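The values are calculated or read from the model by the stated rules, or taken from the named source; none is laboratory data. These numbers were taken from a predicted model, which means no experiment stands behind them. Because the Cβ atoms are built from the backbone with ideal geometry, glycine has one as well, and the counts that use them run over all protein chains shown. Quick note on the areas: whole protein, heavy atoms, side chains included, nothing else; ligands and nucleic acids left out. Shrake-Rupley method; radii C 1.70, N 1.55, O 1.52, S 1.80 Å.
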Amino acid sequence: MELIKTVDGFLNWRKNQSASLGFIPTLGALHKGHLSLVRTSKKRCNLTVVSIFLNPTQFAPDEDLNSYPNTLKEDIKHLKTLNIDVLFLPTEDEMYQRTDDVNVPVTKLFNKLEGASRPHFFYGVTTIVAKLFNIIHPTHAFFGEKDAQQLYIIKQMIAQMNYQIILVSCPTIRDQNGLALSSRNQYLTAEEQFKASVVHKGLMHIKDALDRGQKNPIILKQAFEIILHQTPEIQIDYISIACTKTLEEITGIVEGAVLVSTAVFFKAVRLIDNFTYSSL
Ligand code: AMP
């Protein structure tokens, strides 16, 4: 594995490669979810590049940029074991020195769900992903379904900007109790993580109810709220049942493909999870 810290260094490496190249952008603090994306890339592509960059433009001033978990030594060990080709590890200066006021393509999906609670978030995400795509020049990019809205937005960005990149979506990896793995889970104790797995259980309750024929989104969301209210540490930010294409909230009867997604605060820790459901 080569460790490259500069844009010029990466471009220099890249110009000698013509094989298929899978790319996995991350914020670091890698867990089995990230590593499953890496494994999928290793299977699909000749070369695999991972970036670790804690992107400041996707954090609001009151968010956890300064306390975000940093496990770089272990991350490097994991990536070496998986035998990736390059770890791209740029500094903030390296990523933003050439353009500190950049406009990214904005889509109507930006202000829904996560964007409603974190208005800055997708501007930061698409800015850094576009910059990384332009540097890494991957043939394939691997993103997790855990961040479903991000996946949809990157898909739109690839289409709108004519990136010649195949987007591969990868399933959410969970712990043994169902809690979706997240770097932010490190903020929680083992007991708190167990309690937080109620988020997944609540979502699965919605799925079961849909399977049984309950198609009223108000009733489905109420059932989720009742389940989560049994854990006093949890505060629901949103529970949404939305059209997978527009992310508009379903107001009538649930039909077609929907994204059922939620964000909650466990004490101060923000956790997200989702599943997609198609009644066709
Ligand atoms: P992050 O470092 O949180 O920006 O995540 C980097 C990539 O890993 C994104 O494409 C995420 O969707 C993906 N990812 C994060 N957590 C998981 C998980 N539990 N399962 C699968 N993919 C994940």
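Structure values in brief
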read-out	value
Subset tally (residues that are open to solvent by 20 Å² or more (accessible area, probe 1.4 Å) and more than 7 Å from the ligand (Cβ to nearest atom)) for region 11-29	10
Single condition Phe194 does not satisfy, out of (1) open to solvent by 50 Å² or more (accessible area, probe 1.4 Å); (2) touching a His at 6+ places or on another chain (Cβ under 9 Å)	(2)
Any hit, region 78-89, residues being open to solvent by 50 Å² or more (accessible area, probe 1.4 Å), under 24 Å from Tyr123 (Cα atoms) and out of contact with any Cys (no Cβ under 6 Å at 6 or more places or on another chain)	no
Of all residues in region 99-123 being assigned to a helix (DSSP H, G or I) and among the aliphatic types (A, V, I, L, M), the one that is nearest to the ligand (Cβ to nearest atom)	Leu109
Selection status of Leu259, in contact (Cβ under 8 Å) with a residue 60 or more places away in the chain, touching a strand residue (DSSP E or B) at 6+ places or on another chain (Cβ under 6 Å), of a type outside the set (Phe, Trp, Tyr) and surrounded by 14 or more Cβ atoms within 10 Å (Cβ to Cβ)	yes
Thr126 being within 11 Å of the ligand (Cβ to nearest atom) and out of contact with any Ser or Thr (no Cβ under 7 Å at 6 or more places or on another chain)	no
Selection from region 30-63 of residues that are of a type in the set (S, T, N, Q), away from the ligand (no atom under 11 Å from the Cβ) and open to solvent by 30 Å² or more (accessible area, probe 1.4 Å)	Asn46, Thr57
Test result for Asp237, charged (D, E, K, R) and free of Cβ contacts under 8 Å to residues at least 40 places away in the same chain	no
Residue check, Thr127 part of a helix (DSSP H, G or I) and surrounded by 14 or more Cβ atoms within 10 Å (Cβ to Cβ)	yes
From the options Ser169, Ser182, residue that is within 24 Å of Tyr277 (Cα to Cα) and either touching a Pro at 6+ places or on another chain (Cβ under 9 Å) or crowded, with 19+ Cβ neighbours inside 10 Å (or both)	Ser182
Members of region 164-197 found to be under 24 Å from Lys112 (Cα atoms) and either among the acidic types (Asp, Glu) or more than 14 Å from the ligand (Cβ to nearest atom) (or both), listed by number	none
